[in-house]
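This report refers to the structure that appears directly beneath it.
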Amino acid sequence: MYTGASNFVEGVDWVFKLIFGIGFFFLFLITGMMIYFAIRYNRKRHPKAEQIKDNIALEIAWITIPTIIVILMFYYGYAAFQPMIWVPRDSMQVKVTGRMWQWSFEYPGGRQANELVLPINQPVKLNLHSVDVIHGFSIPDFRVKEDVVPGKDNYMWFKPQRLGDYEIFCTAYCGVRHSYMGSKVRVVTQKDFTHWLAALPLASAEPEGLTILKKNACIGCHSMDGSKLVSVSFKGLFGKTETVITNGKQRKVMVDDTYIIASVYEPDKDIVFGYQKGIMKSYKGLIKEDEMKKIIDYLKTLK
Amino acid sequence: MTEESYPIAHPSYLVDTGKRKGIKAWLTTCDHKRIALLYLWSIMVFFIIGAILGETMRTELFRPGQQFYGPQTYNAIFTLHGLIMIFLIVIPGLTVVFGNFVMPIMIGANDVAFPRLNLFSWYLYILGAAVVVVSQFAGSGPPDTGWTFYAPYSTQTHTNVIAAVSGAFILGFSSILTGINFIVTIHRLRTPKMTFFKMPLLPWAVYATAWIQVLATPIIGITLLMIIGERVFRIGFFDPALGGDPILYQHLFWIYSHPAVYIMILPAMGVITEIIPTFSQRRIFGYKAIAFSSLAIAGVGYFVWGHHMFTSGMSKEAIWVFSLLTFLVAVPSAIKVFNWVTTMYKGSIDLKPPMLYAMAFIFLFTIGGLTGLVQGALATDIQVHDTSFIVAHFHYIIFGGVGFAFLGGLHYWYPKMFGRLYNIRTANIAWGFLFTGFNLLYFPQFVIGLEGMPRRYFDYLPQFTLSQQISTVGGYLLGIGLIIMIVNLFRKSGEKAPDNPWGGKTLEWQLPSPPPEENFSTPPNVSDFPYDYD
C-alpha cells in the first residue's frame, strides 16, 4: 500500500503511523491493565475489595496528557492536509465530470477520455463537476478524495510520481450502479502522454444526441455497446420489436419515435419484459421535445 | 431494606392488578417498568429483522459479483438495515429500556414525571416504525438512499423516500418527548434526600442524553420536512437544479445526527458505569469526573458535526475548526475509560456475564474511539472517508459499544426485570461467540478501508475478497451468538432470582425481584455515596 505514488503519500502515511502508534499503545495499555486486574483481583484470589478514594492528581493527569496528545494529532493531521489545498500554478487542468455512473475527463484543448491518463511528475489540478447527484472522486493510492457536488466547484490536485495504473472509485453513494462507477488513472511518461492526447477525439466532434444522453445520465443504465447494465442497451434499439408489459399485460411494440418519447416521459407505462419497474424517473420537462428528436437521430445511428 | 418489609399485599409489577388483564393491561399501562418491557420487546423484534438484513448483505458480499440479489435490492437492504438499526434500535435503545426501567428506581421515584406521555412516546415509536415498514411495501419501491437521505439523490430518486422520511420524523417526536419526560423526572422526582451528587451515574448519563434529545432532534425533524417539501412542491432547498445547496442538507443532517451518536453512547456508558463497581465490589473511581464528562460530551458534541464533511468542499477554515473540536470531544470519553479500568484496581472481580460484556465494551469502544482519531485528523480522514474503515469504526462504536452495553445491561438487570436467573454458562458461551464473531466481522473492514474499499458497494474488486470472506464468517458467528443468547434469556426455566444477586448498591437492588408495581411505599434510605461498598 505504501508506494509513494503521489506527492501526498509520504505525509499522509506519516500521520497514519503516528495515530496508529499512539492508538495501539493506549489499546494495549488499557486492555492489558483490564485483563491483569481481572486475573490478579479475581474474587477467588482477592475476596475482599479495597476501597480506594478518588485521586485528584491522577484525574488531572489523565485529562491533561490525552488533551496534549490529541492536540498534537490535530496539528500533524492539519499540517499534512494543508498542501492539498494550495494548487501549484503550473498544474495541468483536467475537467472531471461525474454522472450516474461514469467518469469522463476533459483535457485542455477540449479532448475527452474515459480514463485519466497523466504524465509523470506533472502536477495536475482536477476540476470536479457533477451533472446529477453527489459523487465522490477517490484515488486511494494517491491519498486523495473529494466529493463531486452538483452546482459546486470542488477540486483536488496532486503530482503523480510513479508509472503505473491506479484505481479510481466513486465513494459517495449515487444509486444502483454506484459500485461500478470506477475508472483508472494511468501514469505514463511525458512522451507517451503527448501521443495519447493527440489521438483523443475532440469533445465538440460528438453528435448532439449523445451529448444530451450523457448530460442526463441515460448511458449509466443504457449501454451503447449492447451490454446489459440496469436496462436495455441503446445499441440496435431503434426499429427493433420489444416485448413490453403494459398494465400487467404483455404485448409487442415496435421501437419508433412515439415509443421512445413515451418511455422517456412515462417510463413506468410500458416496461420491457424482464426489467424492473420504478427505477427510472420521468424526464418530462427535463429533456425538451427538440432534444428528444436529436436523441432519436443519434439512436438511429447506433446499429 | 429487606424482603420482609414488602408483604404479599404488594404483588410484582408483572401481575395484572387493575381491571384490564393480559395484553390489554400491557397496552394501556402507565407503569415505567412495563413500558420499558414494551420497548424491550419491540426493539428485540426490530433488532432480529435488522440483523437478518445484515446477514443477507454479508452473504451477498461473500464473493465479488452478484450472488443472490441485485444492486437495487442491496441498496434497499442497506438503507433499511440502517434505518432500523439507527432510528428504531440504538437511538431509543438504552434510554427507553434501562432509562425507563431502572432510572426512576435509582433516584427513588415511583414513576417518571409524565407516565401517560411515556406511554404515548411508545405509541409514537410504534407508529413511526409502522410508517417505515409501510415505506418498504407501498408506493414505488423501497427507499434506496441510505439512512442518511443525502440530497439531491434523496430528492430525485424514484423510490418511496417520503414514507421513510415521515417515519423518521415521527420517531424524532417520540425521542423528544422521552427526553422532556426524563429531564423533568430527574429534576422533580428524586427522593428528598437524593441530591444531584448522590445520584448514581446512569441517571446522570440519561440526564445528559435527554438534553441532546430535546435540543438536537427538532433539527432533523425540520430537515426531513424540507426533503418532503422539495420532493412534493419542488422547493429548492438542496437540489442545485432548483437553486438549492446539497451541502446545506449535510450540515442540517449532521447537526442532529452527530449528537445522535452521543444519544446512543451516553446511556451505554452509564450502564457500564453501573456494572463495573458491582462486579468489582468497589466504589466507582472518579464519580464527579464521570458525571461531568457526560455533560462535557453532550455539550462539545454539538459542535463537531462538520467532521462528516471534510471532503464535501466546505470552507477550508471550517474544516480545521471542526477537526480540532473533534479531537477535544475525545478527551471526556478517554477520562471515562481510565476511571472504569481504575475502578477494577484492587477490587474483588467476579467475571459474570454482565462484567464480561462490560470488559468487551471497554475493549471494543477503545478501538472505535482510537480509530475515530484517524478520522478526526484531516490528512488521514481524506483517505478513509466513505470507505469501509468508517463502516468498521461506527460498528465498533455502535454495536461494540452501544450494543454490547445493551446486552451487558440486559444480563445485569434481567433478574430484576423478570425475577428469574438465566444460565450463566450458556450466557458466557453466547458472549464468546458474539465477541469473536464481532471482531472477525468488522476488523477486516478497517484493513480494506485503508486500502480504499468504498462503503455501500454492492460489488468489489477481487483483491478485497479474502477480507470480505473473513467478515462474512464473523457475521455468521455473531448470528449464532445472538441466537444462543436470546434462547438462553427467554426460555422459561431459570430459577427464581434473589433480590440482589450481584451485590449491587444502587436502590433497585433493595427492591424485590421483580419489583412491586409501586416501587417505594415508603421513601428509601439514601446513602451519602451511591457506590458505598465500605
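Coordinate-derived values only; no laboratory data. All values reported here derive from a predicted model rather than from experimental measurement. A quick note on method: Cβ atoms are made from the backbone with ideal geometry, for glycine too, and the neighbour counts reach across all protein chains shown.
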### Message
Would you confirm whether or not region B:119-135 contains a residue that is part of a helix (DSSP H, G or I), surrounded by fewer than 23 Cβ atoms within 10 Å (Cβ to Cβ), more than 19 Å from the chain's Cα centre (by Cα) and within 14 Å of another protein chain (Cβ to nearest Cβ)?
### Response
no
### Summary
Given the conditions (1) at the interface with another protein chain (Cβ under 10 Å from one of its Cβ atoms); (2) over 27 Å from A:Lys53 (Cβ atoms); (3) touching a Phe, Trp or Tyr at 6+ places or on another chain (Cβ under 7 Å); (4) part of a helix (DSSP H, G or I), every one holds for B:Pro277 apart from (2)
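Taking region B:152-170, which residues are more than 23 Å from A:Tyr275 (Cα to Cα) and in contact with a Ser or Thr (Cβ under 9 Å, 6 or more places away or on another chain)?
Matches in region B:152-170: B:Ile162, B:Ala163, B:Ala164, B:Val165, B:Ser166, B:Gly167.
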### Message
Restricting to region B:19-55, count the residues that are out of contact with any Asp or Glu (no Cβ under 9 Å at 6 or more places or on another chain) and in a loop (DSSP other than H, G, I, E, B).
### Response
5
#### Entry: Yes/no for B:Ala358 being of a type in the set (Gly, Ala, Ser) and either closer than 14 Å to B:Ala268 by Cβ or not in a helix (DSSP H, G or I) (or both)
yes
#### Entry: Flag for A:Ser91 being among the hydroxyl-bearing types (Ser, Thr, Tyr), in contact with a Ser or Thr (Cβ under 7 Å, 6 or more places away or on another chain) and away from chain B (no Cβ under 14 Å)
no
### Query
Restricting attention to region B:248-269, does a residue exist that is closer than 27 Å to A:Tyr41 by Cα and assigned to a helix (DSSP H, G or I)?
yes
### Query
Can you name the residue in region B:348-370 that is more than 17 Å from A:Gly32 (Cβ to Cβ) and at the interface with chain A (Cβ under 7 Å from one of its Cβ atoms) and, of all such residues, is surrounded by the fewest Cβ atoms within 10 Å (Cβ to Cβ)?
B:Asp350
### Task
State whether the residues of region A:133-153 include one that is in contact (Cβ under 8 Å) with a residue 60 or more places away in the chain, under 25 Å from B:Thr73 (Cα atoms) and crowded, with 16+ Cβ neighbours inside 10 Å.
no
### Task
Just give me the residues in region A:134-157 being under 17 Å from A:Cys174 (Cα atoms) and among the aromatic types (Phe, Trp, Tyr), in sequence order.
A:Phe137
### Query
What are the residues in region A:268-295 that are surrounded by fewer than 17 Cβ atoms within 10 Å (Cβ to Cβ) and of a type in the set (A, V, I, L, M, F, W, C), if any?
A:Val272, A:Phe273, A:Leu286
### Task
Only residues that are surrounded by fewer than 17 Cβ atoms within 10 Å (Cβ to Cβ) and within 14 Å of chain A (Cβ to nearest Cβ): list them for region B:436-458, please.
B:Phe443
### Query
Where in region A:194-303 are the strands (runs of 3 or more DSSP E), entirely inside, with at least 3 residues that are more than 23 Å from B:Asp144 (Cβ to Cβ) and of a type in the set (Ser, Thr, Tyr)?
A:241-246
### Query
Among the residues of region B:388-411, is there at least one that is facing chain A (nearest Cβ under 10 Å) and hydroxyl-bearing (Ser, Thr, Tyr)?
no
### Query
Can you find a residue in region A:113-129 that is within 13 Å of the chain's Cα centre (by Cα), at the interface with chain B (Cβ under 9 Å from one of its Cβ atoms) and within 29 Å of B:Pro71 (Cα to Cα)?
yes
### Message
Six or more apart or on different chains, Cβ atoms under 7 Å: show the pairs whose first residue is in region B:368-382 and within 19 Å of B:Ala318 (Cα to Cα) and whose second is among the acidic types (Asp, Glu) and part of a helix (DSSP H, G or I).
### Response
B:Gln375/B:Asp381
#### Entry: Within region B:462-509, considering residues that are more than 24 Å from B:Phe435 (Cβ to Cβ) and touching a Pro at 6+ places or on another chain (Cβ under 7 Å), the one surrounded by the most Cβ atoms within 10 Å (Cβ to Cβ)
B:Leu507
### Message
Could you go through region B:294-302 and let me know if any residue there is within 30 Å of A:Ile85 (Cβ to Cβ), more than 8 Å from chain A (Cβ to nearest Cβ) and touching a Pro at 6+ places or on another chain (Cβ under 7 Å).
### Response
yes
